[in-house]
Amino acid sequence: MLTGDSQDSIPVSRLEGKNVNIVAFNMDRHLQPLWEAQTGYKRAMQTQEDLIFTYLMYGPFSTMEDFKDGYLNRIKEKGLDQYVVEYNGNNSSPPVIVGGIAFMAIRPEDRTCEIGNIWLDPRYRRKNIMDEAVYLMLQHAFEFAKYRRVQWTCNNLNEPSKKMALRNQFEFEGVLRNFYIAKGCK
């Protein structure tokens, strides 16, 4: 698993759900399929207004090299436990890598963490892929790692992320003002 320099980690090699698997990010195996999912995003951008990368700290990228540098730097810089999301619905064999998700802001001494760095190739929207992925991550954090709090932080302008958090039983606790800057957005 590729993580940042942090010693704090919630180890996961693979979580399997009904239609979704969460797999620890491996650069050699996953970088090319993630790039393809990201370029699928760019193709979808030509036909619909989609702002998935607006609120992330990176992307979208023009070249594979930029993607590699930007994605890997973000993982290392923030100490993320980064995973890929595989979709195996419709009996797709092998499963298709459709996006990413991470455990972040991991504080084992407090038994708390955050689920974030979430993105999905829009060609796979409306299939409940990320809801199942979040469920698997929550189940692992609470039942395996015995964490007592998992949080979700998103830009207050990111309506899809806020809706997803509420769908997955996160409770709104307030707005953190001036918490971070995502590509110049306030």
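Derivation of every value follows stated rules applied to the coordinates shown; laboratory data play no part. Computed from a predicted structure; not experimentally measured. Cβ: placed from backbone, ideal geometry, glycine included. Neighbour counts: every protein chain shown.
The simple spin-label model puts a point 7 Å past each Cα toward its Cβ; for Glu36 and Phe179 those points are separated by 3.5 nm.
Assuming R0 = 41 Å, what is the FRET efficiency of Asn88 and Ser62, from their Cβ-Cβ distance, to the nearest 0.05?
Calculated value: 0.85.
Do any of Lys127/Lys163; Lys68/Lys146; Lys18/Lys68 go past 26 Å between their Cα atoms, and which? Listed pairs above 26 Å: Lys68/Lys146; Lys18/Lys68. This model, with +1 at the C-beta of Lys and Arg and -1 at the C-beta of Asp and Glu, gives region 14-167 a dipole about its Cα centre of some 380 debye. Remark: spin-label model distance Asn156-Arg14 equals 4.3 nm, labels positioned 7 Å along the Cα→Cβ axis.
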